[in-house]
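Shown next, in structure tokens, is the structure this report addresses.
The values are calculated or read from the model by the stated rules, or taken from the named source; none is laboratory data. The shown structure was predicted, so the numbers you read here are calculated from the model rather than taken from an experiment. Counting neighbours? That spans all protein chains shown, and the Cβs are built from the backbone with ideal geometry, glycine included.
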Amino acid sequence: MKEILKIRLANDDARRYFRDDIGKLSGDVRVLQINKQSVEYDRVRLLDCEKKEKHIFYSWEFQREYTQQEWDSAALLHMFIKKTFEPDGENCGTVYDETAACSICGANRIQKNDLHLQRRSIPKKDIARTLPMEIVVSKWFVEAVKKWGIRGCVFLPVMHGEMQSEDYFQLKAEREVTLSLHTVAGVTPFDFTEISENGEVFRCPLGHTIGLRLVSEVHVIDALEVHEYDFMASKQKIGMRQGVYRPEPIYLVSPRFKRMIDEEQLSGFKFEVAHIDKV
Ligand SMILES: [Zn+2]
């Protein structure tokens, strides 16, 4: 696996640590793509730690490339949803019981009625999500899941006002799996602050939310569910309560699920390899 950290930062910061010909310049912003195994990666770490009170990155993301052999031998995969849309359910009439949520991190509120969304706002993909991770899937996805006998998907109605959508359904996971300590999340790849000076909770002391953003690949603890289901949500969440955002689960799928997506040519999905840690 090749692991590249893509960061955007002010060129003034970049030039103190990197030669001018490294990365791409766009206005005053330098975009760097840094291999995690390289000495440059340690330089980025130094640079970020030096200015810890105010992160130097405008944005960061890991890009992971796998060999065919790594895809073929993976027993579990992390499923990403490429498209996010607004407005979210709550702004369209979906009701949540926030008293059920953790008072510290805001995770685990309970949805009290069907998911209401604006018909026109839903992207023309087979899967898409709102900012607080309400997932909608197309009827083609639902048909494929039935045809392939994929286990672990729960489909619920999507409402447009009083009308039930014929084209889209809400997707939830029947089962949860537990992330292992090898799943690392942070504010940046080098900052693991748990509660900010302003009182923002990035890591819940009760264990619901493990960090603002995922830094590592996903590792789950081995359990029966991991082998019996094709679609699962993580028990622990990533993110924070802010505006309409809520801490959200990570979705894990079997290799068979990915084969279905590929062979049925369903759109909107991206995958990474995930790991099952034997206890
Ligand atoms: Zn919590």
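Just a few scattered comments:
- Hits in the range 194-248 (condition: assigned to a loop (DSSP other than H, G, I, E, B), hydrophobic (A, V, I, L, M, F, W, C) and within 16 Å of the ligand (Cβ to nearest atom)): PHE202, CYS204, LEU206, ILE210, LEU212, MET240
- In summary, GLU143 fulfils each of the numbered conditions (1) surrounded by 14 or more Cβ atoms within 10 Å (Cβ to Cβ); (2) within 15 Å of LEU266 (Cβ to Cβ); (3) among the acidic types (Asp, Glu) with the single exception of condition (1).
- Of the residues making up the range 97-119, those that are more than 16 Å from the ligand (Cβ to nearest atom) and not acidic (Asp, Glu) are GLN111, LYS112, ASN113, LEU115, HIS116, LEU117, GLN118, ARG119.
- Just so you know, in the range 166-191 the residues that are part of a strand (DSSP E or B) and β-branched (Val, Ile, Thr) include one that is modelled with the lowest pLDDT, and it is THR188.
- Odd one out for PHE192 among (1) closer than 24 Å to ILE4 by Cβ; (2) in contact (Cβ under 8 Å) with a residue 60 or more places away in the chain; (3) of a type outside the set (Lys, Arg); (4) surrounded by fewer than 21 Cβ atoms within 10 Å (Cβ to Cβ): (2)
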